[in-house]
1. Suppose we keep only residues that are in a loop (DSSP other than H, G, I, E, B) and under 13 Å from Thr100 (Cα atoms) within the stretch 142-176. Which one would you say is most open to solvent (accessible area, probe 1.4 Å)?
2. Examine the stretch 115-138 for a residue that is open to solvent by 30 Å² or more (accessible area, probe 1.4 Å), aromatic (Phe, Trp, Tyr) and in a loop (DSSP other than H, G, I, E, B), and state whether such a residue exists.
3. Only one of Ala215, Ala184, Ala226 is more than 25 Å from Ala66 (Cβ to Cβ), at pLDDT below 95 and hydrophobic (A, V, I, L, M, F, W, C). Can you tell me which?
4. Could you please find all residues in the stretch 71-103 being among the hydroxyl-bearing types (Ser, Thr, Tyr) and surrounded by fewer than 21 Cβ atoms within 10 Å (Cβ to Cβ)?
5. If the Cβ limit is 9 Å and pairs must be 6+ apart or interchain, which residue in the stretch 63-91 that is farther than 21 Å from Phe34 by Cβ pairs with which residue that is of a type in the set (Gly, Ala, Ser) and open to solvent by 50 Å² or more (accessible area, probe 1.4 Å)?
6. Against the definition (assigned to a loop (DSSP other than H, G, I, E, B) and either surrounded by fewer than 20 Cβ atoms within 10 Å (Cβ to Cβ) or among the hydrophobic types (A, V, I, L, M, F, W, C) (or both)), how does Ala57 come out, yes or no?
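The values are calculated or read from the model by the stated rules, or taken from the named source; none is laboratory data. Small disclaimer: the values here were computed from a predicted structure and weren't measured. Heads up, the Cβs are rebuilt from the backbone with ideal geometry, glycines too, and the neighbour counts pull from every protein chain shown. These area figures cover heavy atoms from the full protein model, side chains too; ligands, DNA and RNA do not enter into them. Shrake-Rupley method; radii C 1.70, N 1.55, O 1.52, S 1.80 Å.
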Amino acid sequence: MSLRNRLLAVAAAGLVLALPLAANAHRGWIVPSFTVLSGDGAWVTLDAAISNELFYADHNPMRLDAVTVTAPDGSVDKIQNPATGKYRSTFDVQLSKPGTYKIGSAVSTVMASWTQDGQVKRFRGSPEDFAKQVPAGAADLKTIKSFNRNETFVTRDAPTTTVFAPTGKGLELVPVTHPNDLVAGEAATFKFLLDGKPAADLEVTFAPGNSRYRATPGDFKVKTGADGAFKVTFPEAGMYWMNAVVRTGETGRGPGGPGGPGGGMGGPGGGAPGGAPAPATPLAGDGMSASYTATLEALRP
């Protein structure tokens, strides 16, 4: 093959590889080295990142400050040996008790705008900071409340279900089929709750890993029924990314994007052309968003 033809082939391959990246941009995930282990002294190492291509660290690391470990008895442990690099974060979890562990984050945030002394103020932060920093009875107050989960599950020895007890906050997965007992080619049943109630007619996306080795990404979608339940069959063994999102009301950011906690539009790092601070703008209205993300493994039959 001539040098010219080789260059054309490389360019064509690069274009093909770039197409799935645009379709799957910026998905956050937490992936364990194992999902099922046995015996005393068991450990698992996890990678966490926000990437263009699933389960390959190619964009940004995930912050670990909100990641916790829920043990089989319901107690909450800290992650061990955390480290954050250029493209991914890693940490360890010791499985000191038999049963199923839930590893991940559950983050609640509030965006708000209001009028004070004739100026629009903006806030983005935790509900606790919202209560402290936004004046009670603020004029023209608009809020967007968000609750986002990102988790995975690891079982040592026999599976247990304590970690799946609903909290009544945001989107939550209530498994009928245990998430560490998934087998490729066999139907599994799950249920979603939204603030403790069945999440009906919810679209759930599944995306298999290793997309760089397939001609098509392989994503597929299912919908929950009136009781929030749905069935899914994993076509092949491997790791899968699961995601569901609910939005109501006005959940857009508005021009320029949100500022940091306690800050307004046009805070540090933002600005209008020429370096002038961008003016704060009010939210369009009240709203709510909830998202759920999990990494699941389907085993070989």
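1. Going through the qualifying residues, I end up with Thr161.
2. Initially, the stretch 115-138 is screened for residues open to solvent by 30 Å² or more (accessible area, probe 1.4 Å), giving 115-121, 124, 126-133, 135-137.
Checking the rest, the ones that are also aromatic (Phe, Trp, Tyr) come to 130.
Among the residues that remain, those that are also in a loop (DSSP other than H, G, I, E, B) are: none.
Taking every residue of the stretch 115-138 in turn, none turns out to be open to solvent by 30 Å² or more (accessible area, probe 1.4 Å), aromatic (Phe, Trp, Tyr) and in a loop (DSSP other than H, G, I, E, B).
3. Values: Ala184 fails: at pLDDT below 95; Ala226 fails: at pLDDT below 95.
Only one candidate qualifies: Ala215.
4. First pass over the stretch 71-103, keeping only residues among the hydroxyl-bearing types (Ser, Thr, Tyr): 75, 84, 87, 89-90, 96, 100-101.
Those that are among the hydroxyl-bearing types (Ser, Thr, Tyr) and surrounded by fewer than 21 Cβ atoms within 10 Å (Cβ to Cβ): Ser75, Thr84, Tyr87, Thr90, Ser96.
5. Note: pairs meeting the criteria are Ala66/Ala106; Gly74/Ala165.
6. Values: assigned to a loop (DSSP other than H, G, I, E, B): yes; either surrounded by fewer than 20 Cβ atoms within 10 Å (Cβ to Cβ) or among the hydrophobic types (A, V, I, L, M, F, W, C) (or both): yes.
Spelling it out, Ala57 is indeed assigned to a loop (DSSP other than H, G, I, E, B) and either surrounded by fewer than 20 Cβ atoms within 10 Å (Cβ to Cβ) or among the hydrophobic types (A, V, I, L, M, F, W, C) (or both).
Listed here are the residues, each with its yes/no results for (1) open to solvent by less than 60 Å² (accessible area, probe 1.4 Å); (2) closer than 23 Å to Ile30 by Cα; (3) touching a helix residue (DSSP H, G or I) at 6+ places or on another chain (Cβ under 6 Å); (4) assigned to a strand (DSSP E or B).
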site: His178; (1), (2), (3), (4): yes, yes, no, no
site: Asp181; (1), (2), (3), (4): no, yes, no, no
site: Thr205; (1), (2), (3), (4): yes, yes, no, yes
site: Arg247; (1), (2), (3), (4): no, no, no, yes
